[in-house]
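Chemist: Can you read through this structure? Questions will come right after.
The values are calculated or read from the model by the stated rules, or taken from the named source; none is laboratory data. Since we're looking at a predicted model, the values are computed, not measured. A quick note on method: Cβ atoms are made from the backbone with ideal geometry, for glycine too, and the neighbour counts reach across all protein chains shown. We work out accessible area using only protein heavy atoms, side chains counted, and drop any ligands, DNA or RNA first. Shrake-Rupley method; radii C 1.70, N 1.55, O 1.52, S 1.80 Å.
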Protein chains: 2
Amino acid sequence: MNITDLIGYTSAFLTTLAFVPQAHQSWKTRDLSGVSLPMYSLFSLGVLGWLIYGVMIASWPIIVANSITLLLACVVLYLKVKHLRLITTLS
Amino acid sequence: MNITDLIGYTSAFLTTLAFVPQAHQSWKTRDLSGVSLPMYSLFSLGVLGWLIYGVMIASWPIIVANSITLLLACVVLYLKVKHLRLITTLS
């Protein structure tokens, strides 16, 4: 593997791994007030797009990285929607 | 442009655009308690890696998308660090 590929794979690993602590924190604390709903809606849609792109060009690194990111982003999105519903019910 | 490229560019646009509402909300409300510091640290580092990768393979779409994402992610990271410092000072 050359240095360029190594940087690409490391970057893919980091941007995927990043959503683990966010999903964990959101799940544990249920503190979602500062998390943006439009962000996670747009981001999940975009990552789904990347996943489809990966399937179309048959790129396993893109498929694997984006499947994991999509799952984690959807956890945060689900918790955010649940949080907003709770606020609406309480008010 | 073929359908595969179109899906790739649309996905890049969405995953970059997603950070605009998060940076805007965080800047406006200064509510950063639910935003994960490890997430934005790892994510910013990963996006910086993608930017370097884009420069190395001379890909303008990767350079442009990741420059914007890096800027927006760093805004959220800066506000989160500031928020944590404020909490430390107050306690």
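Chemist: In chain A, what residue has the beta-carbon at the shortest distance from the axis of the rotation relating A to B, and what is that distance in angstrom, rounded to the whole number?
Modeler: Closest to the rotation axis on chain A: A:Gly34, 2.
Chemist: Could you give the distance between the Cα centres of region B:10-88 and region A:20-45, to the whole Å?
Modeler: 14
Chemist: Would you kindly work out, in nm and rounded to one decimal, the distances from the label point of A:Leu37 to those of the same position in each other copy, ordered shortest first, with label points 7 Å along Cα-to-Cβ?
Modeler: 2.9
Chemist: Could you give, in nm with one decimal, how far B:Ile68 is from each other copy of that position, shortest first, with labels 7 Å out from Cα toward Cβ?
Modeler: Label-point separations across copies, in nm and ascending: 2.7.
Chemist: Two decimals, Cα atoms only, Kirkwood Rh: what is Rg/Rh over chain B?
Modeler: 1.08
Chemist: State the extension gain, in nm to one decimal, for the chain segment bounded by B:Lys82 and B:Ser67, taking 0.36 nm per residue of separation less the distance between their alpha-carbons.
Modeler: 3.2 nm
Chemist: I would also like to ask the following. Please list the equivalent ellipsoid semi-axes of the protein assembly as shown, computed as the square roots of five times the alpha-carbon gyration tensor eigenvalues, in descending order and whole angstrom.
Modeler: So the three semi-axes of the protein assembly as shown are 29, 19, 14 Å.
Chemist: Given a 1.4 angstrom probe, I'd like the percentage of the accessible area of region A:3-90 that is carbon and sulfur, rounded to a whole number.
Modeler: That fraction is 76 percent.
Chemist: If we hang a label 7 Å off Cα along the beta carbon direction at B:Ile87, how far is it from the matching labels on the other copies, in nm, shortest first?
Modeler: 1.9
Chemist: Within the set A:Lys82/B:Lys28; A:Lys80/B:Lys82; A:Lys28/A:Lys82; A:Lys82/B:Lys82, which residue pairs have Cα atoms separated by over 19 Å?
Modeler: Violating the 19 Å Cα-Cα cut-off are A:Lys82/B:Lys28; A:Lys80/B:Lys82; A:Lys82/B:Lys82.
Chemist: While we're on this one: Excluding ligands, DNA and RNA, what is the accessible area buried between chains B and A, summed over both sides, using a 1.4 Å probe, to the nearest 100 Å²?
Modeler: About 2900 Å² of accessible surface is lost on pairing.
Chemist: Roll a 1.4 Å probe over the protein heavy atoms and report the accessible area of B:Lys82 in Å², nearest 10.
Modeler: Near enough 100 Å² of accessible area.
Chemist: Got the relative contact order for chain B handy, in percent, Cα pairs under 8 Å and 6 or more residues apart?
Modeler: Relative contact order for chain B comes out at 39 percent.
Chemist: What whole-number value in Å² describes the accessible area per residue of the protein assembly as shown for a 1.4 Å probe?
Modeler: Per-residue value: 55 Å².
Chemist: For a quick protection proxy, order the peptides A:60-69, A:14-23 by their average other-Cβ count within 10 Å, most packed first.
Modeler: A:14-23, A:60-69
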